[in-house]
1. What is the fewest-to-most order of 281, 184 by other Cβ atoms lying within 10 Å of their Cβ?
2. So if each residue of separation counts as 0.36 nm, and I subtract the Cα-Cα distance between residue 79 and residue 220, what length gain in nm does that give?
3. In what sequence do 141, 346 fall when counting other Cβ within 10 Å, fewest first?
4. What shape does the stretch 205-403 have by the C-alpha gyration tensor, where a ≥ b ≥ c are the square roots of the eigenvalues, rounded means a/c under 1.5, and otherwise prolate means a/b greater than b/c and oblate the rest?
5. Once you charge only the Cβ atoms, +1 for Lys and Arg and -1 for Asp and Glu, what is the size of the charge dipole of the stretch 285-347 about its Cα centre, to the nearest 20 debye?
6. Taking the alpha-carbon distance from residue 355 and a cut-off under 20 Å, which aspartates and glutamates remain once sequence neighbours fewer than 8 residues away in the same chain are dropped?
7. Distance cut-off 25 Å, Cα to Cα: go down the list 311/393; 152/311; 354/398; 291/354; 291/393; 24/152 and report the pairs above it.
8. Which is farthest toward the positive dipole end of the stretch 205-403 among 321, 244, 224, measuring Cα position about the Cα centre, with Cβ charges +1 (Lys, Arg) and -1 (Asp, Glu)?
Amino acid sequence: MAADVLIPNAGQASGEATIIRWRKKPGDRVQPGEVLLEVETDKATMEVEATATGVLQDVRFAEGAVVPILTAVAVIAESGERAASVVRSEVAPLAAPTPQNGNAAASDLIAIMRAHRPGRLVVSPLARRLAANTGVDLTGVTGSGPHGRIMKNDVQAAMARPAKTTTLAAETRTPTVEPGSRWIPFNATRRTIAERMTASAREAPQVTLTTEADAEALGNLRAQLRADLSDDVSFTDVFIKIAAAALREHPHLNARVENDGIRVFDALNIGIAVDTERGLIVPVIRDADRKGVAAIARERRNLVEQARSGKLRPDELSGGTFTLTNLGAYEIDAFTPIINPPQGAVLGVGRIVKKAVVRNDELRPGATVILSLTFDHRLVDGGPAARFLQRIKMLVEKPHLLIA
């Protein structure tokens, strides 16, 4: 049976992807699991695999084309078979493009997707870069391209028009020439991070609670795990397990605000903040409460490696219900983490510091760690959130309770 080749949904990524390279040619016979093409989003470079057996036909976009996610870019079929694409089933049929006009076809499809998502700007990559470099506000530009797509000449025309008013916002958007400095426009990843963090701060009333925990027992546990398992278990791996255990007991933090209510998730999928050259990326460890620390460690290492090489799959970036971010490796004692929307809470972990502590009314050498919980106050009040953080502190100080 004929099957469409779709651009996959890249989880946290924006709604478009660029076709980097076709690994198969029209007419090639393919099997399920074979890589057909490579695409790049603002978060990662991904391989798109065949899902059916047959011949690759009707390749609709050339390398370099920018297309919306879930767009059918080709068909896998036997002779005489055809497949109705997702996009074409919802809109008027389009003439099948040749490789030479692949970018024009991408323009048409992006415009069609905009028609289904009102208010979404459709901009050519060149026009977007030019606007970013010159500070032109694209929301005030009328596109002259197919279906209203904003082109390079539209941005140039906007640059030539005198500004009607001078506002602080306009001054902020427009880069100025200042001796001894340079201005760097947002890349796709940085722009997505900026938009998501701004939305997080704007939409969710965020409160941060902090507590200091005795980390001596946790340090001993980690040392024993590394010795007995001969594996590189990190403190982050143990904190993921602790957070998952606490969330199982306090499910109101494993939730998000949705419409006029709250959606609580059964699965405990912990996102881990990873610093990469592209920017902050949050891959997800699924069902963390059902996995041992060693399994979490192996999965976390693989996700970090894939994130930094830009090869995460869409399913590894989506579905998170809670996020953990650990800046202890950078000698940060405490910080205020920001919620990763649409999630409802995030746990920040500082470095483990050797210091004098009071234990059994005696001053003695020890180690402590500062934990910071930021939560959406629409989900819960301070009391339930404090009890959740208190439980995490107890599991840090008494990690043997993880197996109780």
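1. Ordered by Cβ neighbours within 10 Å, fewest first: 184, 281.
2. 44.3 nm
3. 141, 346
4. Oblate is the answer for the stretch 205-403, as a/c is 1.5 or above yet b/c matches or exceeds a/b.
5. On the way: 9 positive and 8 negative charges, 58 e Å.
Taking the Cα centre of the stretch 285-347 as origin, the dipole is about 280 debye.
6. 212, 214, 216, 331, 333, 397
7. On the way: 311/393 35 Å; 152/311 31 Å; 354/398 18 Å; 291/354 30 Å; 291/393 20 Å; 24/152 32 Å.
Exceeds cut-off: 311/393; 152/311; 291/354; 24/152.
8. 224
All of the numbers you see were taken from the coordinates with simple rules; none came from a lab. Predicted, not measured: the structure shown is a model, and the values here were computed from it. Positions of Cβ are generated from backbone atoms using ideal geometry, with glycine treated the same way; all protein chains shown enter the neighbour counts.
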